[in-house]
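Take this structure, written in structure tokens, and hold onto it; I'll ask about it next.
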Ligand code: SF4
Ligand code: SF4
């Protein structure tokens with residue numbers, strides 16, 4: 001060859017680069033969420049599908065439009081809005097009116113992400129912010145549950161799904177729908193409660209069997225019921241090194257130990273720690289929400305502190321709070337203290353003996 | 001040797017790409033001329049001793065050391081001095097050099113040198129002999145070896161660390177040296193121990209080179225305080241600070257030198273050259289270079305006279321049109337070369353002709369930092385590259401240096417390598433350091 005005319009490119013070291021970029025990581029999270037979403041659709045029917053799809057589309061559109069308004073190139077290609085949307089959809093009850101699901105997405109991405117400056121700048125997990133907003137604004141819609149595996153779930157929408165925006169939800173319709181469907185299977189009596197609220201609000205605490213909890217055969221938010229599947233999907237992400245398992249482990253361990261301590265003091269009033277782990281959104285939150293990279297600490301000691309903190313707060317809210325479910329607020333609180341945790345857990349820099357002033 | 005391989009915490013595992021490991025070292029044909037840069041090392045440039053038109057013999061000293069932290073240069077080939085003047089150096093600047101035209105009829109096998117009985121030399125005389133030989137660190141840093149052998153007053157070196165890690169991808173020179181020149185390495189290690197007065201020598205080899213490990217174990221006599229240790233294969237295992245932590249659990253203090261904790265660290269290739277040249281009283285005139293990458297059709301390890309142009313080396317290795325970037329050194333810390341007319345220097349351990357698919361995309365989209373902490377978990381110095389990156393983009397260079405230990409960053413590249421947002425962290429840090437240097441100089 002003629003090396004006289006060789007064009008040489010100049011750049012600074014390092015000249016090699018690991019393959020994974022942000023879209024690749026986010027895409028893998030989407031991949032890990034899809035089985036959970038499919039199980040949600042299998043157990044709760046087409047309404048669940050529409051809820052998840054709506055929140056996802058709302059999140060992506062919000063992100064895209066805000067980029068258009070700000071005259072920036074759209075950032076939806078990094079898949080992070082899709083992740084937020086699916087997670088939000090999976091934390092909603094299957095019969096959530098679609099307009100509410102959409103509003104949650106718009107609020108979450110708009111207020112918690114775009115306003116802060118987009119991906120990487122948010123201090124709270126956008127899906128959680130959206131979910132928390134809905135919990136406060138629409139307490140009824142967000143706590144109206146349907147049993148899983150209802151007959152006819154693939155052919156009929158839950159009546160509340162198509163509620164007109166800003167109209168009151170037709171609770172009676174939902175109950176009728178459930179009763180009719182249940183009647184065909186010979187089961188009667190639907191308490192309308194999740195395992196957690198049955199424990200918390202029933203006159204005598206009732207505990208759902210751990211097996212049913214683990215396999216997901218219980219009412220609850222679309223994506224949080226099937227613990228086994230969530231754990232499998234989490235393992236995939238851990239294997240791909242795209243999720244910090246220490247946060248999940250810290251959270252589950254602390255929740256287990258603390259609720260175990262309560263249970264040992266009074267076995268009739270407090271649920272056993274296994275029930276604590278597999279009920280509600282603890283497994284889902286620990287796997288997909290607390291591990292949000294942006295809002296969690298970065299130091300190797302800090303992630304343990306952070307996980308343990310969320311686990312403890314979750315149990316405290318569940319046992320002493322007014323709400324049956326505490327995972328969401330516990331994680332939001334964890335997000336809020338994560339900068340502080342970061343600061344106090346900075347490792348010692350190599351070769352520095354003096355404590356850093358920081 | 002311990003059973004478990006030791007290591008330092010953090011670091012990365014880039015793909016090794018050590019394609020040239022299997023082939024024996026070959027000598028390149030003689031280049032028509034060589035350009036001997038007067039500054040191929042850290043420290044003061046050498047001073048030319050020859051004039052235009054003068055005949056020089058291979059191995060003859062052509063430039064003397066320009067001070068204590070400086071080394072002399074020797075003629076890599078027999079021939080005639082064509083000129084003494086400015087040429088392009090590997091940094092892309094113009095620098096002084098002696099250009100020697102090869103004498104086509106001369107016998108290049110003959111090398112000038114006065115054999116010396118090194119066993120009779122005192123440690124001080126040994127250090128002088130090392131300087132006379134023009135020895136510098138051949139691993140890439142090109143720091144004068146004799147300076148390392150004479151630790152500052154009040155410091156005592158108790159351990160000589162011999163670095164056979166070669167953790168940079170692609171490079172295999174040290175590996176070949178360990179297989180082919182193992183007796184010289186052991187001889188060099190002995191000399192280094194004698195010159196420094198150290199109690200023991202530790203030879204460190206990554207556990208992806210079992211053959212090298214075995215070769216060295218077999219060559220080390222039992223009755224000498226020389227031990228061989230296997231280290232985990234991880235980048236940057238071969239950095240002095242990481243070696244000191246992995247082998248001896250000693251941290252080199254921030255801003256300090258390994259000698260502060262009683263350690264002196266030498267590359268295997270450096271010691272091999274020392275063991276080879278010192279008894280013969282010869283100077284450093286050639287070295288082994290890994291020529292590799294997708295852009296050359298005959299990659300391998302070549303013995304090349306110092307001062308040979310990159311063009312000559314690469315053309316002999318069969319450079320193709322696919323070559324997109326030439327790197328002097330390894331792909332993690334080496335520098336890209338702006339021209340093929342640059343001469344090979346003492347510190348050139350590798351010459352990589354990489355194709356487009358092999359290097360990081362230059363125009364990859366940069367995402368905001370997603371705080372994934374990959375850089376934090378990779379940084380062997382336990383810095384927070386993410387935070388430093390954010391500050392750099394806000395141009396808060398002072399606070400980077402004062403409260404975030406910017407100056408402890410040794411630009412190993414781990415953080416940039418792992419960052420999924422493609423943030424050019426190391427580059428930002430270099431800029432920040434340069435600005436801080438300038439500001440403190442003008443204060
Ligand atoms: S380049 Fe500097 S900041 Fe980055 S990993 Fe290496 S030492 Fe740490
Ligand atoms: S690796 Fe890149 S994206 Fe991740 S925390 Fe570090 S700077 Fe941010």
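Quick note: the coordinates plus some simple rules give every number you see, no bench work behind them. Quick caveat: nothing in here was measured; it's all calculated off a predicted structure. When we count neighbours, we look across all protein chains shown, and the Cβ atoms used for this are built from the backbone with ideal geometry, even at glycine.
Quick one: compute the contact order of the stretch B:374-442, relative version, from alpha carbon pairs under 8 angstrom and 6+ residues apart, as a percent. Before the final figure, lay out the partial values.
Values: 71 pairs, mean separation 25.1, N = 69.
So the answer I get is 36 percent.
Have a look at B:378, B:115, B:215 and tell me which one the Gaussian network model of chain B (Cα, springs below 10 Å) gives the largest fluctuation.
In this elastic network of chain B, the residue with the biggest mean-square fluctuation among B:378, B:115, B:215 is B:115.
Quick one: angle between helix A:245-265 and the longest Cα principal axis of chain A, in degrees between 0 and 90, rounded to 10, please.
Tilt relative to chain A: about 40 degrees.
Another question about this same structure. What is the fewest-to-most order of B:379, B:415 by other Cβ atoms lying within 10 Å of their Cβ? Before the final figure, lay out the partial values.
Working: B:379 27, B:415 31.
Final ranking by Cβ density, sparse to dense: B:379, B:415.
Using Cα pairs under 8 angstrom and six or more residues apart, how large is the relative contact order of chain B, in percent?
Working: 1025 pairs, mean separation 84.0, N = 443.
Relative contact order for chain B comes out at 19 percent.
Please give the Cα centre distance for the stretch A:134-149 versus the stretch B:57-85, rounded to the nearest Å.
Here the two parts' Cα centres lie 84 Å apart.
What average number of partner chain Cβ atoms lie no more than 10 Å from the Cβ of the residues making up B:314-326? Numbers along the way, then the final one.
Values: counts 3, 3, 0, 0, 1, 3, 3, 6, 1, 6, 4, 6, 4.
Going residue by residue through B:314-326 and averaging, the value is 3.
I've got another one for you. For the stretch B:253-322 and the stretch B:367-441, write down the distance between their C-alpha centroids in whole Å.
Centre-to-centre (Cα) distance: 30 Å.
Something else: Kindly state, to the nearest 0.05, the FRET efficiency for residue A:212 paired with residue B:365, given R0 = 41 Å and r defined as their beta-carbon distance. Could you put the intermediate results ahead of the total?
Values: r = 47 Å, r/R0 = 1.14.
With a Förster radius of 41 Å, E is 0.30.
When a/c reaches 1.5 or more, the comparison of a/b and b/c decides; with that in mind, is the stretch B:33-126 rounded, prolate or oblate per its Cα gyration tensor?
Numbers: a/c = 2.46, a/b = 1.17, b/c = 2.10.
Here the stretch B:33-126 falls in the oblate category.
Another question, then. Pairs of Cα atoms under 8 Å, at least six residues apart: use those to get the relative contact order of chain A, whole percent. Kindly include the intermediate steps, with their values, before the conclusion.
Numbers: 580 pairs, mean separation 57.7, N = 358.
So the answer I get is 16 percent.
If you take the beta carbon distance between residue A:232 and residue A:137 as r and set R0 to 25 Å, what does 1/(1 + (r/R0)^6) give as a FRET efficiency, to the nearest 0.05?
That gives a FRET efficiency of 0.15.
Here is a follow-up. Can you pull the one-decimal nm distance between simple spin-label points at residue B:141 and residue A:352, each 7 Å off the Cα toward Cβ?
Result: 2.1 nm between the two label points.
Using only Cα atoms, locate the centre of the stretch B:89-160 and the centre of the stretch A:38-69, then give the distance between them in Å, rounded to an integer.
Each part reduced to its Cα centre gives a spacing of 68 Å.
Also: Per residue of B:332-339, count partner chain C-beta atoms within 10 Å of its C-beta, then hand back the mean as an integer. Don't skip to the answer; put the middle values down first.
Details: counts 4, 3, 3, 5, 7, 2, 3, 2.
Mean shielding by partner chains, rounded to a whole number: 4.
Describe numerically, in nm with one decimal, the distance between label points set 7 Å from Cα along Cα→Cβ at residue A:253 and at residue B:19.
Result: 4.5 nm between the two label points.
Follow-up. Take residue B:431 and residue B:104, extend 7 Å from each Cα along the Cα→Cβ direction, and tell me the distance between the two endpoints in nm.
According to this spin-label approximation, the distance is 5.2 nm.
Report the FRET efficiency, 1/(1 + (r/R0)^6), for residue B:298 and residue A:336, where r is their Cβ-Cβ distance and R0 is 56 Å, rounded to 0.05. Intermediate results must be reported in sequence, preceding the final value.
On the way: r = 60 Å, r/R0 = 1.08.
The computed FRET efficiency comes out at 0.40.
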